[in-house]
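S.K.: The structure under discussion is supplied below as structure tokens; questions concerning it will follow.
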Amino acid sequence: ARSAVVATPMEGHATAAATAADGCVAAGCWVRVLAATGQVLLQGTLEDSTTMGTVKEEIEKADGMPAAEQLLTVDGVPVADREVLRRFKFSPLEGDTPRAAPGVVEVSVRRVSPEWARLVEELLKSPTDFDEARARVCGEANIALQVARERGMHLKSLVQDMDIVFKDSLKRVNESGSALLAAAGDLQRNRDTVFEIVPRSSKGCRQAAEELMVCRSSVLTAVQTNGQVLLNMRAELGPAHKAALKGLRESGAALAHAREAWRREGELLRIAQAHGRLAAESMEELARSYAASLRAITRNGRELEATAEALSSSRQAYRRAVVVNRNAIRQAEASLQRDQEVIFGWAVDHVSDVRKTDRKFIMTVIEANGEALERAPEEFRHDREVVLLAVTQSDGWALQFASEELRKDREVVMAAVRRNGWALEHASEDLKRDRGVVLAAVQANGEALEFAGEALKHNREIVLTAVRRSGGWALQAAAAELRADPEVAATAVRQNSLILEHVGEALRCNRELVLAAVGANGLALEHASPALREDRAVVEAAVRSNPLALRFAGAPVRGDREVVHAAVSKDGYALQWASDELRKNRDVVMAAVFEGGPGALEFACHELRGDPQLVAAAMLTTKRKRQQEEGAAGADSDPAVPGESGVSTWNVSREGPECVQL
């Protein structure tokens, strides 16, 4: 954005009459406003009589930065609110601005405190207090640098203390992790060995399973020890870590304060240079102070960066150790999981029939994996204690493998649905009609209402609970009378606007309910009554939420210029649902093209698709979006350099052949 722009203040800002002769016609000039980072905030055509105070107001409207906290500069020199654009010399551009604009003024804006903005404005009006302001700013800069140095030294001390704690913790974490990895390795090797040499007899299989259970116990002990070490680390590292982070924040804040003081010195220096406010000796003194501040800030910044890197290095070493430990825990967990899914299943398939009927053995298997009830002998599916254990260990899913008799057992079913409402599907028909069971199920998973008895789908309390616990989706399983209940429907729509599709027909004509739905998600307009889809206020609310909701609006509203203009300004592709008349309207098509580019132009009428100005606007939109994407990509690679994703344009409607109205 900056490469094609040259804007220099005229010497001493004295030749106010220089207008057209210096390259700027009376109609207007192209203005670009840059943030301190170089990001383009605003650009467009302004009358050359516009004051810098007006530019501040436009920045506040577009970016939200209060005018009282803005400091505007041209070519690095602060400018007063009363100064007008014609007081600056403009250089011609090469294809970067409209042809009507003869040149450009590039204005930079920096957010400052209201007090500093007022002081600069006063110094630009009157030089009488310049020496006093210079002395004060230089003094503040010296104090800020001293504070930054002290904070930096304190931070170094904190990081050294933290490094000692980190290294001690790192040693213990590595030791416990090595022990855990060794135990997990032993389990793996023993398992492989046993599987390789075990005899094909049920006695051998039984002995193999028992041998592996011993290894499994060793791994469990190592996991518990390792976990305790990791828990202790939090208590030991916490205070040192917090102190170092606090010191880092304080040091960063002090350095930021010093940078602000340095910027103020620079701004005073540029004012003095541009307006001749100081004698040569004082100017040299101010320049030396400015250069010294820059060197000190640069040095402190490097020291802070080095300290932060040291802190980060210590943390990374510890985190790597923790990751190794967590991987060890995961490896041990995988070994234990294989015990549950492979060894126990293998044992059940290979042990003798007598062993398969060993209740203690089956309880051990199910305690490790509740869904193993599916492979257990039939007699255990009738065992109430075994089934309760399976249901508990499987979060309710094992209920489907229980006997029909136990699926009628209220306590067993309640244990399942309290953990997993979907388990209601496998309960007996009688319990699906039990109010307490169904209420517990929908409290766990609201959509379990689908499996409730028909009578309970008419129960207002149960349906309301289900709707609240399902994000509104359970409404579709409710009885028709409750889908037509205003309170139930409103509760569902507040959580999920698209559930408007399932409310009663009469409620889809309820203006208040439909407004609430489309305000949260404009696409809910599809399910409103035909009359409300032709209601201008309802469609406006939908378009504000999602401009593509225009497709569901009634024909009269799709021909409303203001509604359609609002939609295409947010999403140019909404033009495809505008009326034929509005697709012939140049202003509406221009708004769509400015947002959507060439793709939006495809939906204009045939006559406007080849319009040179619209085609040029489409190409400029493509260029702008490409620059924004490149800026965003740059921001991802370097967080300190934001992309130009916040560019807005002032060119909304033309008032005359040469000037664009703000």
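S.K.: Which of the residues spanning the range 509-520 are within 27 Å of the chain's Cα centre (by Cα) and open to solvent by 50 Å² or more (accessible area, probe 1.4 Å)?
M.R.: A516, A520
S.K.: Assuming D339 fulfils every condition listed in (1) open to solvent by less than 10 Å² (accessible area, probe 1.4 Å); (2) of a type in the set (D, E); (3) modelled with pLDDT of 90 or more apart from one, which condition is it?
M.R.: (3)
S.K.: Go through the range 31-67 and count every residue that is acidic (D, E) and more than 24 Å from Q628 (Cα to Cα).
M.R.: Going through the range 31-67 one residue at a time, the tally reaches 3.
S.K.: Looking at the range 37-51, which of its residues are crowded, with 21+ Cβ neighbours inside 10 Å and free of Cβ contacts under 8 Å to residues at least 60 places away in the same chain?
M.R.: D48
S.K.: Here's something else I'd like to know. In this structure, is A423 surrounded by 21 or more Cβ atoms within 10 Å (Cβ to Cβ) and at pLDDT below 95?
M.R.: Spelling it out, A423 is indeed surrounded by 21 or more Cβ atoms within 10 Å (Cβ to Cβ) and at pLDDT below 95.
S.K.: Evaluate the following for R533: is it basic (K, R), in contact with a Ser or Thr (Cβ under 9 Å, 6 or more places away or on another chain), open to solvent by 60 Å² or more (accessible area, probe 1.4 Å) and assigned to a helix (DSSP H, G or I)?
M.R.: Taking the combined requirement at face value, the residue does not satisfy it.
S.K.: Quick one: how many residues across the range 231-275 are loosely packed, with under 15 Cβ neighbours inside 10 Å and at pLDDT below 70?
M.R.: 6
S.K.: Condition first: in contact with a helix residue (DSSP H, G or I) (Cβ under 7 Å, 6 or more places away or on another chain), modelled with pLDDT under 85, open to solvent by 30 Å² or more (accessible area, probe 1.4 Å) and not in a helix (DSSP H, G or I). Can you find one or more residues in the range 358-375 that meet it?
M.R.: yes
S.K.: I've got another one for you. For the range 489-530, name all the residues that are in contact with a Gly (Cβ under 6 Å, 6 or more places away or on another chain) and assigned to a helix (DSSP H, G or I).
M.R.: A492, Q495, I499
S.K.: If you don't mind, another one. Picking from F401, F344, which residue would you name as being modelled with pLDDT of 80 or more and either open to solvent by less than 20 Å² (accessible area, probe 1.4 Å) or under 30 Å from R469 (Cα atoms) (or both)?
M.R.: Criteria check complete, one pass: F401.
Yes or no, residue by residue, for (1) open to solvent by 30 Å² or more (accessible area, probe 1.4 Å); (2) touching a Pro at 6+ places or on another chain (Cβ under 7 Å); (3) closer than 17 Å to T622 by Cα:
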residue	(1), (2), (3)
V564	no, no, no
K570	yes, yes, yes
Q576	yes, no, no
R586	yes, no, no
V589	no, no, yes
V593	no, no, yes
G597	no, no, yes
E602	yes, no, yes
H606	yes, no, no
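S.K.: State all residues of the range 406-453 that are among the basic types (K, R) and more than 19 Å from Q393 (Cβ to Cβ); if no residue qualifies, say none.
M.R.: Listed by number, the residues that qualify are K408, R410, K432, R433, R435.
S.K.: Which number in (1) open to solvent by 30 Å² or more (accessible area, probe 1.4 Å); (2) in a helix (DSSP H, G or I) marks the one condition that V413 misses?
M.R.: Condition (1) is where V413 drops out.
S.K.: Inside the range 63-178, counting only strands (runs of 3 or more DSSP E) that do not spill past its ends, which hold 3 or more residues that are at pLDDT below 80?
M.R.: Ranges flagged: 88-90.
The values are calculated or read from the model by the stated rules, or taken from the named source; none is laboratory data. Predicted, not measured: the structure shown is a model, and the values here were computed from it. In this analysis, Cβ positions are derived from the backbone assuming ideal geometry, glycine residues included, and neighbour counts consider all displayed protein chains. Side chains included, ligands, DNA and RNA excluded: accessible areas come from the protein's heavy atoms. Shrake-Rupley method; radii C 1.70, N 1.55, O 1.52, S 1.80 Å.
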